[in-house]
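Heads up: the structure comes next, in structure tokens.
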Amino acid sequence: MASRSNSVLPGFGLSLGYTLVYLSLIVLIPLAAVFVKSSSLGFEQFWNVVTAPTVVASYKLSFGASLLAASINAVFGLMLAWALVRYSFPGKRLVDALVDLPFALPTAVAGIALTALYAPNGWVGQHLEPLGIKVAFTPLGVLVALIFIGLPFVVRTVQPILEDLDTEYEEAAASLGANRWQAFRHVVFPTLMPALLTGFAMAFARAVGEYGSVIFIAGNIPMVSEITPLMIITKLEQYDYAGATAIAVVMLVFSFTLLLAINGLQAWTAKRTGRER
Amino acid sequence: MSGAAAALKPSGGHSAGRSTRYEANAATREPAWVKWTILGVSLVFFAVFLLMPLVAVFVEAFRKGWDTYLAALIEPDALSAIKLTLIAALISVPLNLVFGVAAAWSITKFDFRGKHLLITFIDLPFSVSPVVAGLIYVLVFGAQGWFGPWLSDHDVKIIFAVPGIVLATVFVTFPFVARELIPLMEAQGKDEEEAAVVLGARGWQTFWHVTLPNVKWGLLYGVILCNARAMGEFGAVSVVSGHIRGLTNTMPLHVEILYNEYQFAAAFAVASVLALLALVTLAVKVWVEKRAGAAGAREE
């Protein structure tokens, strides 16, 4: 490890000191409060809270819908990234810019807009209603909202890798007699795979914690369309701080695990493509 | 969310000519039906899931005409929500800007043990659910929290008051500037700064005249993203706000209240201002990428 004393640049102590103090005050100490508070519950009590039937139903919905939304985004996000890199079409710059919309649009705005579209009298809802498909105020509505917020994660992790991909590999594959599908399947796809998985994991992680865009369209029917973050809100509204904290611990442990997985995936992407992240 | 800002990194400014290059090359060209299927499916998906909600916001906002629209925006509760949103952003963005610069300086200009752990910690707020982000401050400053009794003895209100809203906003926007700056400053190395210092520049002079001009576009983009999130945050702020009309409602919370009261036109009117802010953010992003791309091309 090159030591910092070798550096002629000033400000190491000040900048690192400030970083650590600010990080501790804003993030680390408040987060620790969750774990300290939850330890005030006995294990049995903790277990009862986090395995209560309504809470378990919320895990099933949150994790199930998030996994499904991330999978759908992986497929369509890859296609969209491909279209943006490989094809030219009118309005391409606009589409490229608007892909980031879910990052920039406040979640509550997305939530009420999606609800207006998919409600039984909405633009989309009124055409689905006669087919017997109900989206708003059902788990399907949760899925729609989670697809909306997750899409840019996949497109924006795959797109730069696809742009950097040298065409000579595909040319080599073609000259060796591979058809277009074989070249994609055996040459392009393995290179994109780590990035695609990273985007998938990011979309999944974001979807599990998402609140604003979901609660309007979900309808929040107990045991049917209540997401896990809503369970925390419900407990807080009943002044059940210990219960809210217990569910928060479950969510935090899950997020941290996924964060580690994403870091691992990004390291893999960097190794596979020789790209610094 | 982890790496959201990293994922937003300028994607290398692809020029218009590049995609035609793929299509001119037989080895990278798909059969026409494959091309049109991919284009058709992905663009319909884009239109249904991204474009339609955006259009819906504006259509619903103007459904009852200009007068209703304007009335919804200049009504006192809306104005106080706008004011509180601006206050929250005006405090949290500068705080996280200073932090982002300090963190990026220490991480990219020096070597020390635990650097990767530090970067992971900086990313943490991205991977925490907004609801949990609000909850942690309730546990620290709320009536039953660590400092609750002390705060109530001294008559200081944080939770269900403006300071709590600011704190929650600072938390959710924490990584944005740092996340933009770290990869940028890492890529630029420290040779220029070292040369400046060897030639006798002071630390601040080096930063203002050498580092800052090199990273200004990335910095601006980080600030814009940070601001967009600060003004639009819903979940975290909702937990600590207490929803007191005219006092602790930000614009997104005001949208929620109007919507739940079935005042749809008013809700969408306020929402359309936030949607406009999002569009401006995206426009600035495109502009910054263009400038950064042009600057990069000049250096090469």
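The values are calculated or read from the model by the stated rules, or taken from the named source; none is laboratory data. In this text the structure is predicted, and so the values were computed from the model without any measurement. When we count neighbours, we look across all protein chains shown, and the Cβ atoms used for this are built from the backbone with ideal geometry, even at glycine. All accessible areas refer to the heavy atoms of the entire protein, side chains included, with ligands and DNA or RNA removed. Shrake-Rupley method; radii C 1.70, N 1.55, O 1.52, S 1.80 Å.
Partner lysines whose Cα lies under 16 Å from the Cα of A:Lys37, excluding those fewer than 8 positions away in the same chain, are identified as A:Lys235.
In square angstrom, what is the accessible area per residue of the stretch A:1-90 with a 1.4 angstrom probe?
Per-residue accessible area for the stretch A:1-90 comes out at 47 Å².
Rounded to the nearest 0.05, the FRET efficiency derived from the C-beta distance between A:Ala261 and A:Asn121 at R0 = 45 Å is 0.60. Burial of accessible area (probe 1.4 Å, heavy atoms of protein chains only) in the stretch B:226-260, relative to its chain alone, reaches at least 50 Å² for B:Phe234, B:Tyr259.
Please calculate how many Å² of accessible area chain B carries per residue, with a 1.4 Å probe and no DNA, RNA or ligand atoms counted. In whole numbers, chain B has 43 Å² accessible per residue. Summed over both chains, the contact between A and B buries some 9600 Å² of accessible surface at a probe radius of 1.4 Å. Compute a Gaussian network model of chain B, connecting alpha carbons closer than 10 Å, and tell me which residue from B:Ala103, B:Ala275, B:Ala187 fluctuates the most. For chain B, modelled as a Gaussian network with Cα springs under 10 Å, the answer is B:Ala187.
For A:Lys134, the aspartates and glutamates whose Cα falls under 19 Å of its own Cα, not counting residues fewer than eight places away in the same chain, are A:Glu226. Checking the table B:Lys83/B:Lys157; B:Lys83/B:Lys290; B:Lys109/B:Lys285 against a 31 Å threshold on Cα-Cα, which pairs fail? Flagged as over cut-off: B:Lys83/B:Lys290. Computed over chain B with a Gaussian network model linking Cα atoms closer than 10 Å, the most mobile of B:Leu54, B:Leu86, B:Leu274 is B:Leu54. Here the protein assembly as shown has 66 percent of its accessible surface on carbon and sulfur atoms, given a 1.4 Å probe and all protein chains in place.
Rounded to the nearest Å, what's the spacing between the alpha carbon centres of the stretch B:161-206 and the stretch B:73-87? Just the number, please. First find each Cα centre; the distance between them is then 32 Å. Once the chain from A:Arg272 to A:Ser71 is taken as fully extended at 0.36 nm per residue, the excess over their C-alpha distance is 70.1 nm. In terms of the mean number of neighbouring beta-carbon atoms within 10 Å, the peptides A:89-99, A:148-158, B:43-53 order highest first as A:148-158, B:43-53, A:89-99. Within the listed set A:Ser175, A:Ser38, A:Ser213, the Gaussian network model of chain A (springs between alpha-carbon atoms below 10 Å) gives the highest mean-square fluctuation for A:Ser175.
Computed from backbone phi, the HN-Hα couplings of the stretch B:33-50 come to 5, 5, 4, 5, 5, 4, 4, x, 4, 5, 6, 5, 4, 4, 5, 6, 8, 10 Hz, rounded to whole numbers (Karplus: 6.51 cos²θ - 1.76 cosθ + 1.60, θ = phi - 60°; Gly and Pro given as x). Helical content alone sets the calculated 222 nm signal of chain A at -23500 deg cm²/dmol, taking -39,500 (n - 2.57) per DSSP H segment of four or more residues and averaging over every residue. Most tightly packed first, judged by the mean number of other beta-carbon atoms within 10 Å of their residues, the peptides B:224-235, A:248-259 read B:224-235, A:248-259.
Computed over chain B, the per-residue total of -39500 (n - 2.57) for DSSP H runs of n ≥ 4 gives a 222 nm mean residue ellipticity of -23500 deg cm²/dmol, rounded to 500. Given 0.36 nm per residue, what is the gain on full extension from A:Tyr239 to A:Glu129 after removing their alpha carbon distance, in nm? Length difference between fully extended and current span is 35.7 nm. In percent, rounded to a whole number, the relative contact order of the stretch A:132-277 is 32, using alpha-carbon pairs under 8 Å and six or more apart.
Report the extension gain between B:Ala295 and B:Gln263 in nm, rounded to one decimal, defined as 0.36 nm multiplied by the number of residues separating them, less their alpha carbon distance.
Gain on stretching B:Ala295 to B:Gln263: 6.7 nm.
Shielding of peptide A:29-41 by partners, expressed as the average count of other chain Cβ atoms within 10 Å per residue Cβ, is 4.
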